[in-house]
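The values are calculated or read from the model by the stated rules, or taken from the named source; none is laboratory data. Everything quoted here is computed from the prediction, not taken from an experiment. Note: ideal-geometry Cβ built from the backbone for every residue, glycine included; neighbour counts use all protein chains shown. Keep in mind that these areas ignore ligands, DNA and RNA; they rest on the heavy atoms of the full protein, side chains included. Shrake-Rupley method; radii C 1.70, N 1.55, O 1.52, S 1.80 Å.
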Protein chains: 2
Amino acid sequence: MAFMLHPRLAKGTHFIGKSGSCHLLLKDNAAFPWILIVPETEQEVVELHQLPPEQFAEVVFLIRQVSQFMSDFFQPEKLNVACLGNVVRQMHLHVVARWSDDAAWPDPVWTCGIKKAYRDEDIIELCVRARLALNLADEP
Amino acid sequence: MAFMLHPRLAKGTHFIGKSGSCHLLLKDNAAFPWILIVPETEQEVVELHQLPPEQFAEVVFLIRQVSQFMSDFFQPEKLNVACLGNVVRQMHLHVVARWSDDAAWPDPVWTCGIKKAYRDEDIIELCVRARLALNLADEP
């Protein structure tokens, strides 16, 4: 069956690009620069250790690349990297840029309801830079 | 300089064992079965992507092994895996077993103050099983 992005992951995100089997999405919230990595998995694969070895290697290498990109582009004080899935089981990894003066610090961002709109030009710049830096395909 | 475990990571945890360059610690809280993976890093290495390639590979493989162990041992509904470090910068990864009736669900555990003591025999059983399953050294 064709892979379908979970509606809750699609909602409130912008498609940045695709790397191998993984969709990269930008959370539509300028309060916390935040990229989601969504590997195309079988529905029953919801934990990192359940990924086939090749895809596990692909995903962790992409975490490394996305972390480096976020670090270069946003120059945050800290990155928060996580695979949770308590609410949406479709596997997705969070890479979030954090600063000690952001709205949730030092807590994690997941229970913080604060939202701030991106300007269109900021979304475009991030997508273009990420596609170049990470050599992303521009179609899902 | 010899590696020193951060006092805030040492406090409230039990040493389970060591795998390569990584210390495995059990959080002393039965409310959330929770293992910390602490790789011995240089002080300036605080992000996953800053790990040397060999150690990055070691750490992510250990995440896979610890996740499998937690899944087998605790049979949780979901695992939460994360590298945050907003409060303690010394790199440490969280692998937490979660259930839909646990004290923090569906939120992440980090801001949940609820604590519950383990029985000594439960700590011993977990440490022995983890050492066997993950082939851990029993000295830091």
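How would the stretch B:65-125 be classified by its alpha-carbon gyration tensor: rounded, prolate or oblate, with rounded meaning a/c under 1.5 and the a/b versus b/c comparison settling the rest? Rounded shape, in that the Cα axes give a/c under 1.5. Subtracting the Cα-Cα distance of B:E77 and B:I123 from 0.36 nm times their residue separation leaves 14.4 nm of extension gain. Per-residue ellipticity at 222 nm, computed for chain A from helices alone with -39500 (n - 2.57) per DSSP H run of at least four residues, works out to -9500 deg cm²/dmol. Of the trypsin sites (Lys or Arg not before Pro) found in the stretch A:98-140, those that fall in a DSSP loop while having at most 13 other beta-carbon atoms within 10 Å are A:K115, A:K116, A:R119.
Lysine pair count for the stretch A:3-118 with Cα-Cα distance under 19 Å and sequence separation of 8 or more or different chains is 7.
Loop-located chymotrypsin sites (Phe, Trp or Tyr not before Pro) across the stretch A:1-96 with a Cβ neighbour count of 14 or fewer within 10 Å are A:F3, with loop assigned by DSSP.
Calculate the FRET efficiency for B:R8 and A:K116 from the Cβ-Cβ distance with a Förster distance of 30 Å, rounded to the nearest 0.05. Here the calculated transfer efficiency is 0.45. Taking Cα atoms only, the orientation of helix A:53-74 departs from the longest principal axis of chain A by about 10 degrees. Residues of the stretch B:116-135 with an amide N closer than 16 Å to a point placed 7 Å from the Cα of B:A30 along the Cα-to-Cβ direction: B:116-127. For the pair B and A, the buried accessible area comes to roughly 2900 Å² in total, with a 1.4 Å probe and the value rounded to the nearest 100. Quick note on chain A: its Rg to Rh ratio, both from C-alpha atoms and Rh being the Kirkwood radius, is 0.94. Partner shielding of B:85-92 amounts to 3, given as the average count of beta-carbon atoms from other chains within 10 Å of each residue beta-carbon.
Peptide B:55-64 is shielded by partner chain Cβ atoms: per residue, an average of 3 of them sit within 10 Å of its Cβ. Within 10 Å of the Cβ of each residue in B:99-109, the mean number of Cβ atoms contributed by other protein chains is 3.
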